[in-house]
Amino acid sequence: MSGSPSSTALLGTEPLPTPHDYQEYWASALDVAQRHPLALRREPVDTGLTAVDVFDVSFAGADGRRVTGWLRLPRHRPGRLPAVVHFNGYGAGRLDPIDDLTWPVAGFAQLVMNTHAQGGGSTGHLLDGIEDPYLFYYRGVFADAARAVDALRSLDEVDGDRIAAIGNSQGGGIALGVGALQPGLAAVLAQAPFLTAAPLGLRLATNGPWLELRTYLEEHPERADAVARTLAYVDGVTSARHATAPGWISDGLADDICPPETARAAADAYAAPVTLREWPSAGHEAGATADRRGALAVLRERFGVELGLG
């Protein structure tokens, strides 16, 4: 489906149509980023951990700006590692260097991207440039995220053919976007993805960042057409239509931030094989530890890593 979204699109229940120039839009964004050398830098971080090495990394992202992150590697590295590029939720940034050690302890390299201008108590940036797709905040974020995959592939420790994009909430929407922009990924895992099925999110959410946009549109209804056009480029449903890697999408049936209907819409649109895992009574945590266990099993299968062998 393609076309030009109208204001009625944001008020309805159907996903936004794919913009007719979707491919050109993202090819342009990635081309501008790739004109700048990746210039990956890494510095070891003293964390006190004995089984995981942590590095403060940076690389050139959208428009050549420096993007930071944490690179975590299992200290015991028998060969080139499967890897995950990891994106966090709205406002979280890259968190602490010792947060979320599941993936390196499981034997994977993990690059956690610091979402531009987030973290450190900042709020998200959903409304930044939302009336113009070329000025929209998430155009740069998705380009940064695609470059994060390039950064992982440039590392001697990483097997570039075994990289997955993973994320929760905002990070899940970014992971879906990367799955559309980066060929050759092993998997895409999106837990309770935000930025997905915008008309449903706006109508059904009772908490979280969709309410920021709802308030904005109530105050500026004349801008709804422009907003719909912009969101269509980054919506997780649009990204899902361009997926090439197997997907795992999960949601909580009591999620009031990213209602389960939005995750279902992405799964329905997903162009590659996909599993939708729904958790009864779960909220935005979408199954939490149990969901992570399932995600770990999926990645071990996709990466060809046997249980107990690291």
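The values are calculated or read from the model by the stated rules, or taken from the named source; none is laboratory data. Keep in mind that what you see is a predicted model, and the values were worked out from it rather than measured. All Cβ positions, glycine included, derive from the backbone under ideal geometry; neighbour counts span all protein chains shown. Ligands, DNA and RNA are excluded from the accessible area calculation, which covers all protein heavy atoms including side chains. Shrake-Rupley method; radii C 1.70, N 1.55, O 1.52, S 1.80 Å.
Here are the numbers for this structure:
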item: Kyte-Doolittle mean at least -1.0, axial Cα span of 15 Å or more - DSSP H helices of the chain; result: 22-34, 137-153, 170-181, 224-234, 288-303
item: Positive minus negative residues near ALA83 (Lys, Arg vs Asp, Glu; Cβ under 11 Å); result: +1
item: Rg to Rh, two decimals, where the chain supplies the alpha carbon set and Rh follows Kirkwood; result: 0.95
item: For region 39-109 versus region 207-234, the gap between their alpha-carbon centres in whole angstrom; result: 33
item: Total formal charge among the other residues, if their Cβ is under 12 angstrom from that of ALA205, Lys/Arg +1 and Asp/Glu -1; result: -2
item: Two-decimal Rg to Rh for region 10-164 - Kirkwood Rh, Cα set; result: 1.01
item: Cα convex hull volume per residue for region 140-287 (Å³); result: 97
item: Label point distance in nm, ASP46-TYR134, each placed 7 Å from Cα along Cα→Cβ; result: 4.9
item: Rounded accessible area per residue of the chain, 1.4 Å, Å²; result: 40
item: Cβ-based net charge around ALA29, under 15 Å, with every Lys or Arg adding one and every Asp or Glu removing one; result: -3
item: Extension gain from LEU38 to ARG223, taking 0.36 nm per residue of separation minus the Cα-Cα distance; result: 62.9 nm
item: Carbon/sulfur fraction of accessible area - the chain, other protein chains in place, 1.4 Å, %; result: 51
